[in-house]
Amino acid sequence: MSEYPKHLYMTLFPTNALIASQLEPDKFGEHYTIGSAKHFSGKVIFAEIDINYRNDYFDIDEYLEQCNPHTDGSPKKTKYIASYNVLEYVDLDAIKTLFLCTTNGKVLPIESKDYTAVNEPGLIRIYQEITPLDNLVASTKDQREFGRFITTGTKSKGAPKICFTQVDFDIQRFFDMNKNKEIFQIELPDVNPYRFYDCIMELIDKPEKLNKTISLGGLLGDISYKFLRHGFWFAKGEKLKFFPMPSEAELEDKYFYWWKFVR
């Protein structure tokens, strides 16, 4: 019987789960998008977790022991370890590589880097929370401040850890496009343009207001990876782990077969 190395994967979108698998990352992403009718049809975001990571919340050793090849010698594709409160119990240091999977199963690996950007203060940004929350939020906080606030500064709208990204959306263009118009339009799927306008205006008119929830529920399933700005952040208090999106030139050069299928 064939032997396959075992992996720990944490899915982040569309659900948050910890999974043991004998599939390599590219095959794991392919399995979740086009390889099984019982799984999600759409983009998938997941991360590989250090195989040596342990937390008493998870029965990792028990499920890894059960993650063995089938009788025909094929690898065990998935063995769920947990599907609730997963990110909360995973140390950020145990997250090794992030993977973005297109709807047709192409997988892009992203390695973490130190986040050294110096951000313009007070600039309004649009954040998409990914897990465990999935709100769309307008904020005058930069990425460090936003991650710190969500994980330590608010109980009503926060979580112990958060994974989020930034939507590349031109707010000034939105205002220019709708100037003197009775019916507003917005280039964000399923976002109420009037609600968006009111949120942005409140942040502008009330400097003491730092965050406004635009919508409950995310738009990550409906927008292209092309419209995500900078990359992905994992935050817990002062700790921030950043996975930067490759540049368009790097995507065209090194990851062409992923980039050509991004919609």
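The values are calculated or read from the model by the stated rules, or taken from the named source; none is laboratory data. Note that the structure is predicted; figures quoted are calculated from it, not measured. Please note: Cβ atoms are built from the backbone with ideal geometry, for glycine as well, and neighbour counts cover all protein chains shown.
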Name the residue that is surrounded by the most Cβ atoms within 10 Å (Cβ to Cβ), counting only residues in segment 123-148 that are among the β-branched types (Val, Ile, Thr) and more than 17 Å from the chain's Cα centre (by Cα). Thr140
For a quick check of your reading of the model, give me the residue pairs whose first member lies in segment 115-127 and is in contact (Cβ under 8 Å) with a residue 60 or more places away in the chain, whose second is in a strand (DSSP E or B) and aromatic (Phe, Trp, Tyr), with beta-carbon atoms closer than 9 Å and at least 6 apart or on different chains. Tyr115/Trp233; Tyr115/Phe242; Ala117/Phe242
Out of contact with any Leu (no Cβ under 8 Å at 6 or more places or on another chain), modelled with pLDDT of 95 or more and farther than 17 Å from Tyr225 by Cα: is that true of Glu120 in this structure? no
Quickly run through segment 209-228 and pick out the residues that are under 17 Å from Phe13 (Cβ atoms) and in contact with a Ser or Thr (Cβ under 9 Å, 6 or more places away or on another chain). Leu220, Tyr225, Leu228
Condition met for Gly42 (in contact (Cβ under 8 Å) with a residue 40 or more places away in the chain and on the phi > 0 side of the Ramachandran plot): yes
Anything in segment 154-180 that is surrounded by 17 or more Cβ atoms within 10 Å (Cβ to Cβ) and closer than 16 Å to Lys236 by Cβ? List them, or say none. Ala159, Lys161, Ile162, Cys163, Phe164
Of the candidates Pro189, Pro193, the one satisfying the condition of being in the same structural domain as Lys157 (by TED's automatic domain parsing), in contact with an Asp or Glu (Cβ under 8 Å, 6 or more places away or on another chain) and surrounded by fewer than 19 Cβ atoms within 10 Å (Cβ to Cβ) is Pro189
Take the residues in segment 167-218 that are touching a residue at least 24 places away in the same chain (Cβ under 8 Å) and of a type in the set (Ser, Thr, Tyr); name whichever of them is nearest to Thr140 (Cα to Cα). Thr213
Exclusive hit being without any contact (Cβ under 8 Å) to a residue 60 or more places away in the chain and loosely packed, with under 12 Cβ neighbours inside 10 Å, set Asp56, Asp50: Asp56
Could you pull out the residue among Thr165, Thr213 that is in the same structural domain as Leu136 (by TED's automatic domain parsing) and under 19 Å from Phe99 (Cβ atoms)? Thr165
Can you pull out the strands (runs of 3 or more DSSP E) entirely within segment 153-263 that have at least 1 residues that are more than 18 Å from the chain's Cα centre (by Cα) and farther than 24 Å from Asn104 by Cα? 211-215
Could you tell me which numbered condition Ala117 fails, if it satisfies all but one of (1) closer than 21 Å to Ser21 by Cα; (2) more than 16 Å from the chain's Cα centre (by Cα); (3) surrounded by fewer than 16 Cβ atoms within 10 Å (Cβ to Cβ); (4) not polar (S, T, N, Q)? (1)
What number of residues in segment 35-55 are out of contact with any Pro (no Cβ under 9 Å at 6 or more places or on another chain) and modelled with pLDDT of 70 or more? 8
Matching residues in segment 93-110 - criterion: being buried (at least 16 other Cβ atoms within 10 Å of the Cβ) and either among the β-branched types (Val, Ile, Thr) or not in a strand (DSSP E or B) (or both): Ala94, Ile95, Thr102, Thr103, Gly105, Lys106, Val107, Ile110
For segment 128-166, give me each residue that is under 20 Å from Tyr89 (Cβ atoms), of a type in the set (Gly, Ala, Ser) and free of Cβ contacts under 8 Å to residues at least 40 places away in the same chain. Gly158
Could you tell me which residue of segment 10-21 is surrounded by the fewest Cβ atoms within 10 Å (Cβ to Cβ), considering only residues that are closer than 13 Å to Leu100 by Cα and not β-branched (Val, Ile, Thr)? Pro14
